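Data block below; observations after.
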Amino acid sequence: RDNGYTTVSPDDLVGFVAKQTTAPVMKPVILTFDDGWNNQYYFAFPLLKKYGMTATFYIYTNPIGKEPFLSWSQIRDMAAAGMTVASHTLSHRPMHLLSAAELARELGESKRVIEMRLGIPISHFATPFGYASAKIIRAVKDAGYLTCRTAYDGVYHADGDLMKVRANQPTDY
């Protein structure tokens, strides 16, 4: 924030690509958190609110409500505060090892569960472990997602393929 960056959502990214500009946002950045760990609620969420920023939380649904993962109540709180909630499959299995039927189930059912629990459309997806392939991307599109965040062979900016939005993963934890 102090360096002029503005947090935006994957929905904003879709709009930027459609308009072919990020204007009026000069330095947009999407902050993302994967898996749905409850430390994201206790540590990241309060800081995001304090500094007037947003983030996207990619959750996989099977462990929700079990320690050390988020509860549905916490996820609802974050969504109500302007955070984007997105899908990360049902079980976080490596997608490149799944059959077409398993892939469709992981994508479709996680989307359905989150939509049912939160009452909002879920349009964005991140692949577990960042794996992406033509088969995976096709399945993500078929499941009705608008964007797919990966860690390999993707783009960093809005003029690329929204089904291969590459994460710039931090190197210093």
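With the helix formula -39500 (n - 2.57) applied to DSSP H stretches of n ≥ 4, the chain reaches a computed 222 nm mean residue ellipticity of -9000 deg cm²/dmol. Label separation (SER73 vs TYR51): 2.9 nm, computed from points 7 Å beyond Cα along the C-beta direction. DSSP bridge analysis restricted to the chain gives an antiparallel fraction near 5%, rounded to the nearest 5.
Once the mean of 1/r is taken over each pair of separate Cα atoms and inverted, the stretch 43-99 shows a Kirkwood hydrodynamic radius of 12.5 Å. Largest mean-square fluctuation among HIS88, HIS96, HIS124, in a Gaussian network model of the chain whose springs join Cα atoms under 10 Å apart, belongs to HIS96.
Amide H contacts of MET53 (H built 1.01 Å from N, in plane; Pro and chain starts excluded): no residue 5 or more places away or on another chain comes under 5 Å. In a GNM of the chain with a 10 Å cut-off on Cα contacts, which of PRO46, PRO24, PRO63 has the highest mean-square fluctuation? Of PRO46, PRO24, PRO63, the most mobile in the Gaussian network model is PRO24. Restricted to Cα atoms, the stretch 79-131 shows a radius of gyration and a Dmax of 11.6, 37 angstrom.
If the label point is 7 Å along Cα→Cβ of LYS19, which residues in the stretch 115-139 have backbone nitrogen under 14 Å from it? The answer is none, because no backbone nitrogen lies closer than 14 Å to the label point.
If you average 1/r over all unlike Cα pairs in the chain and invert the result, what Kirkwood radius do you get in angstrom? Before the final figure, lay out the partial values.
Details: mean 1/r = 0.0612 Å⁻¹.
For the chain, inverting the mean 1/r across all distinct Cα pairs yields 16.3 Å.
A short reminder: the numbers here are calculations on the coordinates, not readings from a lab. These numbers come from a predicted model, not from an experiment. Here the Cβ is made from the backbone with ideal geometry for all residues, glycine too, and neighbour counts use every protein chain on show.
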